[in-house]
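Structure first, commentary second.
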Amino acid sequence: MSEPLTLSLGQKFELERMSRVIDATVDTQALQGLAKQLLQAWQSQKAATQWVMRQQLDAAPRLSTDLAGDEAFLQGLRPDSADSTPGGMDVL
């Protein structure tokens, strides 16, 4: 499994800065506006993450299908093949 998600140092500083702005705000309308902006940003980030995941999942089957259609290319990648590289070129 992949490593856990961590914030960069810059992100941690930005988080602390914005937390202090929120703590210093006494205007409820300003806080409501900020909350709505944060909600929009959160949902946009979720949508972007889902889009990236779909792109990666869609790319994997296409890649394997494309490579599976080129048997000569795959044969050249096998370590036990006569040629060690695709296209019959030896690598020094």
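Here is how the numbers come out for the structure above:
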item	result
Subset of region 35-64 [among the basic types (Lys, Arg) and closer than 30 Å to Thr25 by Cα]	Lys36, Lys46
Cross-chain or 6+ apart pairs with Cβ under 6 Å, region 7-31 first and part of a helix (DSSP H, G or I), then surrounded by 10 or more Cβ atoms within 10 Å (Cβ to Cβ) and not small (Gly, Ala, Ser)	Leu31/Thr25
Glu14 being among the charged types (D, E, K, R), under 27 Å from the mean Cα position of the chain (by Cα) and surrounded by fewer than 11 Cβ atoms within 10 Å (Cβ to Cβ)	no
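Residue-wise test of (1) of a type in the set (Val, Ile, Thr); (2) at pLDDT 70 or above.
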site: Leu7; (1), (2): no, yes
site: Val26; (1), (2): yes, yes
site: Gln29; (1), (2): no, yes
site: Met53; (1), (2): no, yes
site: Gln56; (1), (2): no, yes
site: Ala60; (1), (2): no, yes
site: Asp66; (1), (2): no, no
site: Gly88; (1), (2): no, no
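The values are calculated or read from the model by the stated rules, or taken from the named source; none is laboratory data. Computed from a prediction, not measured in an experiment: that's the story for all the values here. Counting neighbours? That spans all protein chains shown, and the Cβs are built from the backbone with ideal geometry, glycine included.
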